[in-house]
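J.: Quick one: this structure, given as structure tokens, is what I'll be asking you about.
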Amino acid sequence: MTAAAMTEQQMLDALRGGDEQAFTQLVSRHHAAMLRVARNYVACGSVAEEVVQETWLGVLNGIHGFRGGSSLKTWIYRILINRAMSRGKRERRIVPFSSIAPASEGADEGYTADRFLPDGHWATPPRPFETPSDRMALLEFRARLREALVQLPERQQIVVTLRDVEGLSSDEVCDLLHVSAENQRVLLHRGRTRLRQALESYEDSELLTGA
């Protein structure tokens, strides 16, 4: 049975039983995403890889003690973020999430609450981007989006990455980062607004270039 076909309890039972195939499938499912998250906290990709490897060791060592108070994915990400933050502090690259500039900082920079519904989805979706026939243009667009994500204020970047890239729920992100639901919502909205502006700016520049 593949990891995708397993229920969470079946996966837990397999991991606790030393099922190497189940563990390999779990790593395959989450490893790349975990690297992206770890990269938000440390200085380079090689260190992020070390953090993720340490996280998997932590998963193996701690799986018998996991009591199911959260989803398996949330538990894994909690281990990951704790290790990444510890490593980042040693590198003096980051400070604890709660100590980074508060959510009120930059409150007026492009933040328009009416663009979002209470559940965090777009009230008015971004203008559609027509996929260029030239693949290089599409790759350039994606590169600009990644660049915009990296340039977000750190708190916004982490929240947007966890919510929109890795697909964690609001409750999971609040639990992982120890922030209130309101704080998480504001950070997410501001980050999404900045990304939307980057998308629209890129689209406008492409239209002008092609005119």
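J.: I'd like to verify a number: residues in the stretch 54-73 that are closer than 16 Å to G88 by Cβ and not charged (D, E, K, R), how many?
T.: Number satisfying all stated conditions: 1.
J.: Could you say whether any residue in the stretch 18-30 is more than 28 Å from V159 (Cβ to Cβ), in a helix (DSSP H, G or I) and charged (D, E, K, R)?
T.: Among the residues of the stretch 18-30, at least one is more than 28 Å from V159 (Cβ to Cβ), in a helix (DSSP H, G or I) and charged (D, E, K, R), which makes the answer yes.
J.: Could you please find all residues in the stretch 31-54 being of a type in the set (A, V, I, L, M, F, W, C) and in a helix (DSSP H, G or I)?
T.: If the condition is that a residue be of a type in the set (A, V, I, L, M, F, W, C) and in a helix (DSSP H, G or I), then A32, A33, M34, L35, V37, A38, V47, A48, V51, V52 are the ones that fit.
J.: Right, next: Checking the condition among the β-branched types (V, I, T) and either more than 22 Å from R29 (Cβ to Cβ) or at pLDDT below 85 (or both), which residue from I94, I81, I76, I63 passes?
T.: I94
So that you can scan it fast, the table gives a plain yes or no per residue for (1) surrounded by fewer than 13 Cβ atoms within 10 Å (Cβ to Cβ); (2) more than 17 Å from G167 (Cβ to Cβ); (3) among the aromatic types (F, W, Y); (4) not assigned by TED's automatic domain parsing to the domain that holds R155:
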position: A22; (1), (2), (3), (4): no, yes, no, yes
position: R29; (1), (2), (3), (4): no, no, no, yes
position: L35; (1), (2), (3), (4): no, no, no, yes
position: A43; (1), (2), (3), (4): no, yes, no, yes
position: G58; (1), (2), (3), (4): no, yes, no, yes
position: G65; (1), (2), (3), (4): yes, yes, no, yes
position: T74; (1), (2), (3), (4): no, no, no, yes
position: I79; (1), (2), (3), (4): no, yes, no, yes
position: M85; (1), (2), (3), (4): no, yes, no, yes
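J.: Applying the selection to the stretch 171-185, what residues are among the acidic types (D, E) and free of Cβ contacts under 8 Å to residues at least 60 places away in the same chain?
T.: Across the stretch 171-185, the qualifying residues are D171, E182.
J.: Here's another thing I want to ask about it. Yes or no: the stretch 55-72 includes at least one residue that is assigned to a helix (DSSP H, G or I) and charged (D, E, K, R).
T.: no
J.: All but one of (1) over 22 Å from E172 (Cβ atoms); (2) in contact with a Ser or Thr (Cβ under 6 Å, 6 or more places away or on another chain) hold for E50; state the number of the condition that does not hold.
T.: (2)
The values are calculated or read from the model by the stated rules, or taken from the named source; none is laboratory data. Quantities reported herein were computed from a predicted structural model and do not represent experimental measurements. Reconstructed Cβ throughout: ideal geometry from the backbone, glycine too, with neighbour counts over all protein chains shown.
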